[in-house]
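Just so you know, all these numbers are worked out from the coordinates, no wet-lab data involved. Owing to the predicted nature of the structure, the values given are computational and were not obtained by experimental measurement. Cβ coordinates were reconstructed from backbone atoms using ideal geometry, including for glycine residues, and neighbour counts include every protein chain displayed.
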Amino acid sequence: MNKKMNLLMFSGDYDKVLAALILANTARELEVDVTMFFAFWGLFIIRDPEKATLADKTVYEKMFGMVTPKGPEELPLSKMNMVGLGKQMLLEMMEDDKTPSLTDFLNGARKKGVKFYGCKLSVEVMGFKEEELLPEVEIITAKDYLINALDSDMQLFI
Amino acid sequence: MNKKMNLLMFSGDYDKVLAALILANTARELEVDVTMFFAFWGLFIIRDPEKATLADKTVYEKMFGMVTPKGPEELPLSKMNMVGLGKQMLLEMMEDDKTPSLTDFLNGARKKGVKFYGCKLSVEVMGFKEEELLPEVEIITAKDYLINALDSDMQLFI
Amino acid sequence: MNKKMNLLMFSGDYDKVLAALILANTARELEVDVTMFFAFWGLFIIRDPEKATLADKTVYEKMFGMVTPKGPEELPLSKMNMVGLGKQMLLEMMEDDKTPSLTDFLNGARKKGVKFYGCKLSVEVMGFKEEELLPEVEIITAKDYLINALDSDMQLFI
């Protein structure tokens, strides 16, 4: 039976998400079952940049949706972001080394069968609609997450 | 035998604590044994807002105690706090969805038998007195934490 | 057989690193096998302060190497750093309690046989040379990390 890895994606920082997606892709190459559960700021990672909508949202939900990152490439760094300057530097350094982009790793994870789950409570509080997220994403509860995580060989809070 | 979950509460950010307490409450509903070990900034979560004292503290401990959050509702967000504006927005969005408050989840965890431990070294360095913390909190060492964590089915650093 | 603990050192914050190294030292006293995998900002922890070099680096790598912390004592706090003021306060409070310094805990971990690994991709992107890191550090891939972590009794992302 395959080993299982469960990642709770909480922070939505560009650098942490990059690390998590590298782990997810690598784990799939090792035939490890990978589950990513996106909650709070982590939901920004799986917003489909083309599908943002204002329909059927409260004023706060509209404002919140507009001032927050729309998809993976807009995520800030967890530190040294310096209004985008530090992030730009990191991107240049990645390009110099021919490292794939965050979107490449995200698409890799989607193709390799990483399971994507969105946190029901977070989706409701932040006012996201299921159709604003990537089509692979299934909305589940904290209970569903816990049952999966407790049955995994490793769990990280990222 | 019950499954076991061990959470190391390090950050003391409002949003991360909310996520952790939702997991703790949900885990108890699944009859999972839950241990929360509060260290460093995590100690602010279990300060009893009514019991802050200046007695028997050094100048630094007094200053530190005064400029830091007194209890769960004063905790800042991990990001987009924007001098409290982002947090206020989140609180409004939570209220719109009738989500219970952080204090509700904390009291739920206390009633449901989540075990609360405070880190001995952190308590000493920050100068907190045991009577300034919630009555459920027992002070233990890093060694006690590790023995518990290594024997658990999942561990998160939050 | 010994229990195993695997720590993914991502953040490079003074306070988080302090917590992680206290856990690592304590785990070794319990005869737990300890692996620390340093990635991204975590690499700053294992830079040898005496061995920084500019040779054979791109412009970005040189700039990046210069504006980032050189070794453990230069790391900032994860919060309340306040341009070093909050950190100074923490250091004074630690000294009042005769708590060993971060460097003491790092050297303790080195002496007690904690295994130190650096992330290959991070080292390449950030342009660090192996000789700029502590001599114990071995450079490994994300795949090597995962194989170790999946075989451990607990894993934390710090």
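The table below gives the values:
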{"read-out": "Members of the range B:37-56 that are more than 9 Å from B:GLY71 (Cβ to Cβ) and touching a Phe, Trp or Tyr at 6+ places or on another chain (Cβ under 9 Å)", "value": "B:PHE37, B:PHE38, B:ALA39, B:PHE40, B:TRP41, B:GLY42, B:LEU43"}
{"read-out": "Filter result (among the charged types (D, E, K, R) and either farther than 17 Å from B:GLY108 by Cα or in a helix (DSSP H, G or I) (or both)) within the range B:40-51", "value": "B:GLU50, B:LYS51"}
{"read-out": "In the range C:37-95, the residues that are touching a residue at least 40 places away in the same chain (Cβ under 8 Å), of a type in the set (Asp, Glu) and within 12 Å of another protein chain (Cβ to nearest Cβ)", "value": "C:GLU61"}
{"read-out": "Residues located in the range A:137-147, provided they are within 10 Å of A:GLY118 (Cα to Cα) and out of contact with any Cys (no Cβ under 9 Å at 6 or more places or on another chain)", "value": "A:VAL137, A:GLU138"}
{"read-out": "Counted residues, the range C:135-150 - those being within 14 Å of chain B (Cβ to nearest Cβ) and part of a loop (DSSP other than H, G, I, E, B)", "value": "0"}
{"read-out": "From the options A:GLU136, A:GLU132, residue that is under 26 Å from A:LYS57 (Cβ atoms), charged (D, E, K, R) and surrounded by fewer than 19 Cβ atoms within 10 Å (Cβ to Cβ)", "value": "A:GLU136"}
{"read-out": "Residue in the range B:92-104 that is aliphatic (A, V, I, L, M), part of a helix (DSSP H, G or I) and either on the phi > 0 side of the Ramachandran plot or over 13 Å from the mean Cα position of the chain (by Cα) (or both) present", "value": "yes"}
{"read-out": "Selection status of C:PRO100, closer than 30 Å to B:VAL67 by Cβ and within 14 Å of chain A (Cβ to nearest Cβ)", "value": "no"}
{"read-out": "Residues of the range B:120-134 classified as without any contact (Cβ under 8 Å) to a residue 24 or more places away in the chain and more than 9 Å from chain C (Cβ to nearest Cβ), total", "value": "2"}
{"read-out": "Failed criterion for C:LEU77 (all others in (1) surrounded by 20 or more Cβ atoms within 10 Å (Cβ to Cβ); (2) more than 30 Å from B:THR58 (Cα to Cα) hold)", "value": "(2)"}
{"read-out": "Scope the range A:1-39; condition in a loop (DSSP other than H, G, I, E, B) and aliphatic (A, V, I, L, M); matching residues", "value": "A:MET1, A:LEU30, A:VAL32, A:ALA39"}
{"read-out": "For C:PRO69: the one exception among (1) over 26 Å from B:ASP13 (Cα atoms); (2) in a loop (DSSP other than H, G, I, E, B)", "value": "(1)"}
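Yes/no matrix, rows are residues, columns are (1) touching a helix residue (DSSP H, G or I) at 6+ places or on another chain (Cβ under 6 Å); (2) among the hydrophobic types (A, V, I, L, M, F, W, C); (3) crowded, with 17+ Cβ neighbours inside 10 Å:
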{"position": "C:THR103", "(1), (2), (3)": "yes, no, no"}
{"position": "C:LYS111", "(1), (2), (3)": "no, no, no"}
{"position": "C:TYR117", "(1), (2), (3)": "no, no, yes"}
{"position": "C:VAL125", "(1), (2), (3)": "yes, yes, yes"}
